[in-house]
1. Over region 249-295, with the other protein chains present, what is the accessible area per residue in square angstrom, probe 1.4 angstrom?
2. Give the Rg/Rh ratio for region 78-210, taking Rg as the radius of gyration of the Cα atoms and Rh as the Kirkwood radius, to two decimals.
3. When all protein chains stay in place, what accessible area (Å², nearest 10, 1.4 Å probe) is found for residue 235?
4. With a Förster radius of 35 Å, plug the Cβ-Cβ distance of residue 333 and residue 148 into 1/(1 + (r/R0)^6) and report the FRET value to the nearest 0.05.
5. Quick one: pull the percent of accessible area on the chain belonging to carbon and sulfur, 1.4 Å probe, ligands and nucleic acids left out.
6. Using mean Cβ contacts within 10 Å as the protection proxy, how do 177-187, 148-158 order, highest first?
7. Find the relative contact order for the chain and round it to a whole percent, using C-alpha pairs within less than 8 Å whose residues are 6+ positions apart.
8. Using 0.36 nm times the number of residues separating residue 302 and residue 240, minus their current alpha carbon distance, what extension gain do you get?
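The values are calculated or read from the model by the stated rules, or taken from the named source; none is laboratory data. Please read all numbers here as calculations on a predicted model, not as lab measurements. Cβ placement follows ideal geometry from the backbone for every residue including glycine, while neighbour counts extend to all protein chains displayed. These area figures cover heavy atoms from the full protein model, side chains too; ligands, DNA and RNA do not enter into them. Shrake-Rupley method; radii C 1.70, N 1.55, O 1.52, S 1.80 Å.
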Amino acid sequence: MSEPITLRQWNRTLLSRQHLLERVDEDAIEVLDRCVGLQSQDPRAAFFGLWSRIEGFDPAELDELLTEREVVRIALLRSTVFLIDAEDARWIRPLAEPILRREIAEAHVPRLVDADPSRVIADAAELLAGRELSGADLGKQLALQHPAENPSTLTGIARCGLPLVQVPPRGLWRGRGAPTYRLFDEWAGPGEPAVEGEDARADLIRLYLRGFGPATVKAIQTWAGMTGLKALVEKMEADWELVRLTGPNGEILYDLDGLGLADADAPAPARLVAPFDHVIGVSADRARVADPELFRRTVTPNGRSPGFVFADGFLAGTWHLDADAGVRIEMLREVSKAEEREIDAEVERLREFLSRPSADYAR
């Protein structure tokens, strides 16, 4: 086994691959693809995620990708909503099927009176054929066919049982409104048959390691919402596709062969990382960016995520938007005067991003 990589080298490699060491001048969809989509349960989180990674990011670029149907907002891995390239969503959605089906069985079926969830899913597909419906309207129309049931439970079953896209205006930078659904194939159009089975899971592992490696098997599985990937990872290693590394505390890490590691001494300027961002929000390897005790202090009772303040590559505080769109910082640890100035500069940068009039985003 190789010599252990240091915590700073692990940290800098992740931040480099996530474009959080230095903003890049690239198209939003390219950055989105390298991040394997961005968490979009909060519709504006993905905009902040791209703002923190792209020099001069213009929200209109992402708005256009959404309205042109090149990217979609859809429930995928872990049953959470991703903003992701539509072509990636096409083959990743079937991989998420087991966790979505489990959510139906564990969260929704116990609330049913007498409806068959398979029938609910089929009825929802008929109702959505050729049109879009808000979540509330979908639930109401399903309840006409299943009058003993709670409409929100019926909508929840449809959301898990069908590949449903949340269509604009929700999800746009200035968009508002409750989730409105369309069937994925009708919204994004037909595509090539999806890769399936072990080949698809291997592709998912490759994408994760390209964007988040080196990583433990547990981190891959946590992000994917899957179990049983260890044997496949070891097979990919045996096929010389992956390399095995040792983490700073003896962790067994895997990475794509040939990607290389970042310099442990590479500077990591302060960043305001988006709420729910996968670089910190869902990671069994979170120690590479956050002291566990500090991260626990960011967890809220309602499950809402703050934004995260990084200084020298590691969690240092949280950021929040007040009602007047002001940016409020809450520090969790001391930082140097130089880091404090960097944080202040990022806050000012975010204020400018938020205060630009809507007309600035028009194309």
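1. 38 Å²
2. On the Cα set of region 78-210, Rg over Rh gives 0.98.
3. Approximately 100 Å² for this residue.
4. Values: r = 53 Å, r/R0 = 1.52.
Between residue 333 and residue 148 the formula returns 0.05.
5. 50 percent
6. Values: 177-187: 17.1, 148-158: 20.7.
Highest-to-lowest ranking by the protection proxy: 148-158, 177-187.
7. On the way: 599 pairs, mean separation 74.0, N = 363.
Reported as a whole number, the value is 20 percent.
8. Working: separation 62, 0.36 × 62 = 22.32 nm, distance 4.40 nm.
Between residue 302 and residue 240, full extension yields an extra 17.9 nm.
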